[in-house]
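The values are calculated or read from the model by the stated rules, or taken from the named source; none is laboratory data. Not measured: the values here are computed from a predicted model. All Cβ positions, glycine included, derive from the backbone under ideal geometry; neighbour counts span all protein chains shown. Just so you know, the surface numbers come from the protein's heavy atoms only, side chains and all, with ligands and any DNA or RNA stripped out. Shrake-Rupley method; radii C 1.70, N 1.55, O 1.52, S 1.80 Å.
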Amino acid sequence: MTLAEQKQYRVGVAYVALSALAWSSSGLFVRSIHADLMTILFCRGIVSGCGVFALFLYIERGCALRIIRSMRGPSLAATVFSTAAMISGIGSIYYTSVADAMVIYATVPFVTAGVAYVFIKERPSLTTLIASSVALLGVIVMLTGEAGGGGSWLGKGLAAIMTLMVAGLAVVMRQHRNVPMLPAMAASAWLCSLLTFWFASPGSVSTGDIGLIIAFGLVQNAMGLSLYTFGSRLMPAADASLLTSLEVPLTPLWVWMFLGEIPSAATMIGGPIVLLALFGHILLEVRRNRVPVGASVL
């Protein structure tokens with residue numbers, strides 16, 4: 001790995017980790033907003049799409065129209081994967097407990113590693129495999145505790161779909177890292193609104209919910225998508241998905257701390273195991289790819 005690639009990897013780690021932090025607020029917003037699921041998705045999609053597109057226009061300026069006209073298959077694939085992940089992800093939290101949804105989503109690094117190997121022949125590093133194995137142990141602990149619990153199977157099924165869609169998005173982003181994906185992310189948010197428009201009731205949203213939905217769209221979705229778009233191009237797909245798994249323990253943690261939705265004892269044990277694997281992987285990779293002081297990046 002060249003010095004330039006090492007620096008890019010570290011920047012990618014920071015961006016993707018911050019995107020996971022932004023996405024981990026989803027449980028707080030879904031539990032705090034009193035509107036129905038389709039209305040939440042419709043309003044959130046409009047807000048987040050406008051936020052991402054505004055950032056795209058600011059960054060690209062005079063090149064924006066040319067980039068939009070050049071959008072082809074990879075952008076379309078990213079749009080579809082992202083839209084499906086949005087709908088299934090928020091739906092999973094809406095129909096089952098946050099902890100249940102996140103336990104299933106925790107398998108995304110392994111799914112992504114398999115998809116990346118099959119479709120783009122990208123082999124995960126040894127440290128990624130070790131970290132994924134430790135994280136899997138944490139997931140098994142959480143699943144063991146949830147086996148006899150409640151929770152809607154619709155919500156759990158949506159969480160499984162979200163996992164597959166996020167894996168596909170990570171692989172597309174990595175394989176086509178030179179394609180500007182911000183327009184695709186904005187389009188995915190608007191497509192989400194288009195698909196849910198027919199079932200939404202935006203006129204019934206209260207004044208308090210309007211403010212929460214705007215924050216939901218800008219902070220959780222627009223910021224998360226933008227950071228992930230920038231970061232995922234700079235690192236292997238399996239690593240990016242492993243970092244996004246920071247959502248897994250953090251999402252139920254925020255809901256527990258601020259809203260009193262108490263995770264099971266198994267989640268309280270397995271969650272820290274997942275965090276240990278993730279932070280250990282981040283530390284090892286950043287130290288391994290540290291750019292020596294005084295070194296020039298060519």
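If you take the residues of the range 79-95 that are open to solvent by less than 10 Å² (accessible area, probe 1.4 Å) and in contact with a Gly (Cβ under 6 Å, 6 or more places away or on another chain), which of them is modelled with the lowest pLDDT?
Here the answer is Ile93.
Quick one: count up the residues across the range 194-210 that are of a type outside the set (Val, Ile, Thr), open to solvent by 40 Å² or more (accessible area, probe 1.4 Å) and in a helix (DSSP H, G or I).
Of the residues in that region, 9 qualify.
Is there a residue in the range 227-234 that is in contact (Cβ under 8 Å) with a residue 60 or more places away in the chain, among the aliphatic types (A, V, I, L, M), part of a helix (DSSP H, G or I) and within 14 Å of Leu21 (Cβ to Cβ)?
Yes; the residues of the range 227-234 include at least one that is in contact (Cβ under 8 Å) with a residue 60 or more places away in the chain, among the aliphatic types (A, V, I, L, M), part of a helix (DSSP H, G or I) and within 14 Å of Leu21 (Cβ to Cβ).
Quick check on the range 216-235. Is at least one of its residues within 18 Å of the chain's Cα centre (by Cα), closer than 19 Å to Ala99 by Cα and not β-branched (Val, Ile, Thr)?
Within the range 216-235 (the criterion being within 18 Å of the chain's Cα centre (by Cα), closer than 19 Å to Ala99 by Cα and not β-branched (Val, Ile, Thr)), the answer is yes, since at least one residue qualifies.
Is it fair to say Gly217 is surrounded by fewer than 24 Cβ atoms within 10 Å (Cβ to Cβ) and part of a helix (DSSP H, G or I)?
So Gly217 does not fit the description; no.
Taking the condition of being among the polar types (S, T, N, Q) and surrounded by fewer than 17 Cβ atoms within 10 Å (Cβ to Cβ), how many residues in the range 1-28 meet it?
The number of residues fulfilling the criteria is 1.
Within the range 53-66, is even one residue assigned to a helix (DSSP H, G or I) and touching a Phe, Trp or Tyr at 6+ places or on another chain (Cβ under 8 Å)?
yes
Looking at Ala240, is it buried (at least 21 other Cβ atoms within 10 Å of the Cβ) and farther than 18 Å from Asp36 by Cβ?
yes
With (1) over 15 Å from the mean Cα position of the chain (by Cα); (2) surrounded by fewer than 20 Cβ atoms within 10 Å (Cβ to Cβ); (3) at negative phi; (4) small (Gly, Ala, Ser) as the list, and Ala187 as the residue in question, which single condition is left unmet?
(2)
Going by what's in this entry, would Arg31 be described as farther than 30 Å from Ala266 by Cα, open to solvent by 10 Å² or more (accessible area, probe 1.4 Å) and among the charged types (D, E, K, R)?
no
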